[in-house]
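First up is the structure itself, then whatever we jot down about it.
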Amino acid sequence: MSTVGPSVDVVEVIDAARYFGWPLAITLLTILIMLIDGYDLQTMSFVAPAIVADWGIARSALGWVLNGSLVGMAIGSVLLGLLADRIGRKRAFCASLLSLCAGSFMSAHARSLGELFAWRMATGIGLGGLTPLAATFVSEWVPRRVRSVAVACAVVAVPLGGMAGALIAQRLIPAYGWRAIFWVGSALPLLFAIIAVLLLPESPKFLAQDPAHSKRLAVLLNRLLREPRFTGQERFHVTEPASPARNWLGIIVSREYRHTTVLLWTAFAFNTLGLYSFANWLPTVLTAAGFTQAAALHAHAFLNFGGFFGAVGGALLIGRFGSRPVGTALALLGVGATWLVGLALQTSAVPSAQLSMLVLAAGVSFSGMQAFLYAVGAHAYPTYVRGAGVGSAQTVSRIGGVLGGLAAGAFFGLQPQPPVSTFFYVLGTLVIMVAVSFFLLRAHIAPNRTQNGH
């Protein structure tokens, strides 16, 4: 045997370490990368009007191109999750950034809708890997007492990146044309891929799975603790079941994890349906109800603000009360807010502070729940299948987003046109499934005051 030293539980070492040091630096770097994810996620929405004018095409022709990134995300979330479990979180993370770089670079050179669809799908592969890998990476480096907050901060950076991208687009497109948006979307991932290669350490839980990495892991843990405690002769391990001789899909649908997988997939799919319905269709619904475009976009801005407060504020509450009561209450808030938006539009088709606050509450719920689901998913699966488990859940979530978009389009194609309030009544009823499935999950994050158990 090459390792004959004492047994060391890597999880105990990480949980006992100080957060204000290397774990904080890793969290901050991950947040910056997630800002880029949010920018590249929404680039097509930024450039769509300019492409319509430049290429002389109908707006409806861009519909399938806008879904290109979603198709890629469904592929990338599983593909890069599997890659992360095989070759390491860091390499898969860098591969995601390089996919973003290549897809955006080629999108800037697209000369047809077919080319643009293909390169947006390539971009989507990177987008699909980044968010679940960020949640996995942070959850495996950060002490348990602040883990849910750190994961939420990383995930909530995605809508903030989209907001920053909109400001950049307002200045770049008039001056340099729509292709400049993709140039920025290519340069930033390349820059941070280089930074990640140089500065981002591999996950200690991943390294602990192979004794051949013991010396490398000892160096990382010594750096984390700021003292030479380990020599590399220790038997590093993670206290969780050993990896069985089955493929990743067989594991996550096995008797042990089937309950978690089905409920996590359900919660992800219905929450994404709600999130994308609001994010992509709210301006259309409000203008159909009689709002001006400016008023509709103003109301839509409250959705992003709500997402920030939902993810970060909710994560703080999870630390005190655990994920089950906080997440379930947050999901029910989304149900109520969605129904009340419908009621508000039914009684008055004019902008109001009441409507803005209801949209804010919907953002708190849907964006906040998206962050919670990544955190709970990373908590629910063991290290050897965590990347694939969370990635597969994200794939299912994207399918929910696509189906939600198709259903919304079909709704507005109905003749005679139902009242727009009906859209929110139906949506609110569907997203009840988020609260139900999240509550029934067994593998929840316990409050920090609880030492053991889920």
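The values are calculated or read from the model by the stated rules, or taken from the named source; none is laboratory data. It should be emphasised that the depicted structure is a prediction, and the values quoted were computed from it without experimental measurement. Cβ coordinates were reconstructed from backbone atoms using ideal geometry, including for glycine residues, and neighbour counts include every protein chain displayed. Side chains included, ligands, DNA and RNA excluded: accessible areas come from the protein's heavy atoms. Shrake-Rupley method; radii C 1.70, N 1.55, O 1.52, S 1.80 Å.
If you wrap the Cα atoms of region 169-273 in a convex hull and average its projected area over all directions, you get 12.1 nm².
Percent relative contact order of region 23-140, based on C-alpha pairs within less than 8 angstrom and at least six residues apart?
It rounds to 37 percent for region 23-140.
Report D for region 71-173 in µm² per second (integer): Stokes-Einstein, Kirkwood Rh on Cα pairs, 4 °C, 1.567 mPa s. Display every interim value, and only then the final one.
Details: Rh = 14.7 Å.
Rounded, D is 88 µm²/s.
Sorted largest first, the spans of the alpha carbon positions of region 305-410 along the three principal axes are 53, 38, 19 Å. Annotation: per residue accessible area for the chain equals 41 Å², rounded to a whole number [probe 1.4 Å, protein chains only]. Among the chymotrypsin sites (Phe, Trp or Tyr not before Pro) in region 1-91, those located in a DSSP loop and surrounded by at most 12 other Cβ atoms within 10 Å of their own Cβ are PHE20.
Computed on the chain, with alpha-carbon pairs under 8 angstrom and 6+ residues apart, the relative contact order is 23 percent. The candidates HIS379, HIS300, arranged from most to least accessible area with a 1.4 Å probe in the full protein assembly, appear as HIS379, HIS300. What share of Cα pairs, in percent, lie more than 18 angstrom apart in region 115-162? That fraction is 41 percent. Ligands, DNA and RNA excluded, the heavy atoms of THR266 present near 30 Å² of accessible surface to a 1.4 Å solvent probe.
Gyration tensor over the Cα atoms of the chain: the corresponding equivalent ellipsoid has semi-axes (square roots of 5 times the eigenvalues, largest first) of 38, 26, 19 Å. Using only the C-alpha atoms, the convex hull of region 362-408 corresponds to 59 Å³ per residue.
Hey, got a sec? Which trypsin sites (Lys or Arg not before Pro) in region 30-138 land in a DSSP loop and have at most 12 other Cβ atoms within 10 Å?
ARG111
Within the chain, the whole DSSP H helices whose Cα atoms reach 18 Å or more along their own axis and whose mean Kyte-Doolittle score is at least 0.0 are 22-41, 68-87, 89-107, 113-141, 144-176, 179-199, 258-288, 293-321, 323-347, 353-380, 383-412. Counted by Cβ distance under 15 Å from MET121, the other residues give a net charge of 0, where Lys and Arg count +1 and Asp and Glu count -1.
Relative to its Kirkwood radius, the Cα radius of gyration of region 1-158 gives an Rg/Rh of 1.12.
Taken along the Cα-to-beta-carbon direction at a fixed 7 Å, the label points for ALA61 and ASP210 span 4.9 nm.
Would you work out the Kirkwood radius for region 8-51? I mean one over the mean of 1/r across all pairs of different Cα atoms, in Å. When all Cα pairs of region 8-51 are included, the Kirkwood radius is 13.2 Å. From its DSSP helices (H runs of at least four residues, each -39,500 (n - 2.57)), the chain gives a residue-normalised ellipticity at 222 nm of -26000 deg cm²/dmol. Legend: Rg and Dmax of region 199-341, from Cα coordinates, 22.8, 70 Å. Taking every pair of distinct Cα atoms and averaging 1/r, then inverting, what Kirkwood hydrodynamic radius in Å comes out for region 264-335? Hydrodynamic radius (Kirkwood, Cα only) of region 264-335 equals 13.7 Å. Shape analysis of region 128-222 yields a ratio of the Cα radius of gyration to the Kirkwood radius, Rg/Rh, of 1.11.
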